[in-house]
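The values are calculated or read from the model by the stated rules, or taken from the named source; none is laboratory data. Since the model is a prediction, treat every value here as computed from it, not as a measurement. Neighbour counts are summed over all protein chains in view; Cβ atoms, including those assigned to glycine, are modelled from backbone coordinates with ideal geometry. Surface areas here come from the heavy atoms of the whole protein model, side chains and all, with no ligands, DNA or RNA. Shrake-Rupley method; radii C 1.70, N 1.55, O 1.52, S 1.80 Å.
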Amino acid sequence: VVLVESGGGLVQAGDSLRLACAGAGRTFSVYAMGWFRQAPGKEREFVAGINRSSTGTRYLDSVRGRFAISRDNAKNTVYLQMNALKPEDTAVYYCAADLNYEKLPLGTCDYWGQGTQVTVSS
């Protein structure tokens, strides 16, 4: 699966952004999908995950209630709606695919996108 993220940019604190990750390949729907981020000088961290059927989601505590992950298997796309953005959300955001939903937060995913930059100014 080839993953390509889009939707990043420069916004002000309190603004919203929606990231999209398009997957190439007919097997997109069999994968659990996740969003991760990496800020300068910090380790990559798990942000959100969604299972194959969209019946299960999970979030990093600091984004729960502000971010929402969703997917459209017909379009081979997973989304991350980010609201009430804060400067500490500034990072490169990556999407990833894993056959095992429970393993998503570990960050040992099978496939990764190239990342999209999100910058939130105060």
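State the extension gain, in nm to one decimal, for the chain segment bounded by Leu106 and Asn73, taking 0.36 nm per residue of separation less the distance between their alpha-carbons. Provide the component values of the computation, followed by the final result.
Working: separation 33, 0.36 × 33 = 11.88 nm, distance 2.33 nm.
Answer, rounded to one decimal: 9.5 nm.
Mark the label point 7 Å from the Cα of Lys86 along Cα→Cβ and return the residues of region 1-26 whose backbone N is within less than 12 Å of it.
14
Under 5 Å between amide H atoms, partner at least 5 residues away or on a different chain: which partners does Leu60 have, H built in plane at 1.01 Å?
Ala48
Can you give the net charge of the other residues whose Cβ lies under 12 Å from the Cβ of Ile50, counting K and R as +1 and D and E as -1?
+1
What is the packing order of peptides 95-101, 110-116, 29-35, taking the mean over residues of other C-beta atoms within 10 Å and listing the highest first?
29-35, 95-101, 110-116
What ratio of Cα Rg to 2.2 N^0.38 Å holds for region 1-92?
1.07
On average, how much accessible surface per residue is there in region 1-88, in Å², for a 1.4 Å probe, leaving out ligands, DNA and RNA?
52
What list of ³J(HN,Hα) couplings, whole Hz, do you get for region 82-97 from phi and the Karplus terms 6.51, -1.76, 1.60, once you set θ to phi - 60° and write x for glycine and proline?
Rounded to whole hertz, the list is 10, 10, 6, 5, 10, x, 6, 7, 4, 4, 8, 9, 10, 9, 8, 10.
Considering only protein heavy atoms and a probe of 1.4 Å, how much of the accessible area of the chain is carbon and sulfur, as a whole percent?
With neighbouring chains kept in place, the figure for the chain is 49 percent.
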